[in-house]
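S.K.: One structure, as structure tokens, below. Some questions next.
The values are calculated or read from the model by the stated rules, or taken from the named source; none is laboratory data. On a predicted model such as this, the values are computed, not experimentally measured, just so you know. With ideal geometry, Cβ positions are generated from the backbone for all residues, glycine too; neighbour counts draw on all protein chains shown.
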Amino acid sequence: MKLSNRTCTSRRVCRKGSLVSFLLVALLPFLLTSCWWYSFSGTSIHPEAQTISVGYIENRAERINPALSNTLTEALMDKYTKLTRLSVINEDGDYAVEGSITGYSVAPIAVTSDEVASMARLTVAVQIVFENKLDPSENFERSFSAYEDYDSTLSLDAVESGLVDTIVEKIVEDIFNATVANW
């Protein structure tokens, strides 16, 4: 039997298919506008949130890389600007991220048979405080760290810039996921 340009085995099957399609189309807006909003960039941001303040990440580690604070702060601001609809402001945002660098260390990780380090590891640790003014249950204070290994026959000065860039990228990704991606 042929009904309105569709081939159906019975009218009941066509009506069920139409009903299911109608329900999916009708319910989709309700699913997308629930209490939290999911975006295709993977973020879950409160629908009323408009701003995020990113405080300057101070360097309080024993060993200091003079560019690290600025690099980390700028990378965080860039991440929120590029991947969320939030406006980055100086203070009093709907969301707030602040913290400090608590560790910057180099340690040997692989020793040769001559008891000489063949590989070394640069590790950066950061303490972050996140405040969600719209949902205080999501507030946290947490440590994040990342590391990169390098050949210890190279001086730290020669490889430090590239290592720091990679480490900052990892830490920023982890902070971003913890604050607005809910991972």
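S.K.: Being at pLDDT 55 or above, polar (S, T, N, Q) and either at negative phi or surrounded by fewer than 18 Cβ atoms within 10 Å (Cβ to Cβ) (or both) is the requirement here; does Asn65 meet it? Talk me through it step by step, then tell me what you get.
M.R.: On the way: at pLDDT 55 or above: yes; polar (S, T, N, Q): yes; either at negative phi or surrounded by fewer than 18 Cβ atoms within 10 Å (Cβ to Cβ) (or both): yes.
Taking the combined requirement at face value, the residue satisfies it.
S.K.: Yes or no: the range 140-161 includes at least one residue that is assigned to a strand (DSSP E or B), among the aromatic types (Phe, Trp, Tyr), within 18 Å of Ala61 (Cα to Cα) and in contact with a Leu (Cβ under 9 Å, 6 or more places away or on another chain).
M.R.: Yes: the range 140-161 contains one or more residues that are assigned to a strand (DSSP E or B), among the aromatic types (Phe, Trp, Tyr), within 18 Å of Ala61 (Cα to Cα) and in contact with a Leu (Cβ under 9 Å, 6 or more places away or on another chain).
S.K.: Collect the residues in the range 68-104 that are surrounded by fewer than 17 Cβ atoms within 10 Å (Cβ to Cβ) and of a type in the set (D, E, K, R), keeping them in residue-number order.
M.R.: Glu74, Asp78, Lys82, Arg85, Glu91, Asp92
S.K.: Still on this structure: Could you check the range 75-102 and list, in sequence order, the residues that are charged (D, E, K, R) and touching a helix residue (DSSP H, G or I) at 6+ places or on another chain (Cβ under 7 Å)?
M.R.: Once the filter is applied, which keeps residues that are charged (D, E, K, R) and touching a helix residue (DSSP H, G or I) at 6+ places or on another chain (Cβ under 7 Å), the range 75-102 yields only Lys79.
S.K.: Return yes or no: is Glu148 in contact with a helix residue (DSSP H, G or I) (Cβ under 9 Å, 6 or more places away or on another chain), at pLDDT 95 or above, assigned by TED's automatic domain parsing to the domain that holds Ala107 and surrounded by 14 or more Cβ atoms within 10 Å (Cβ to Cβ)?
M.R.: Taking the combined requirement at face value, the residue satisfies it.
S.K.: Name the residues in the range 118-132 that are more than 21 Å from Thr73 (Cα to Cα) and surrounded by 16 or more Cβ atoms within 10 Å (Cβ to Cβ), would you?
M.R.: Passing the criteria: Ala120, Arg121.
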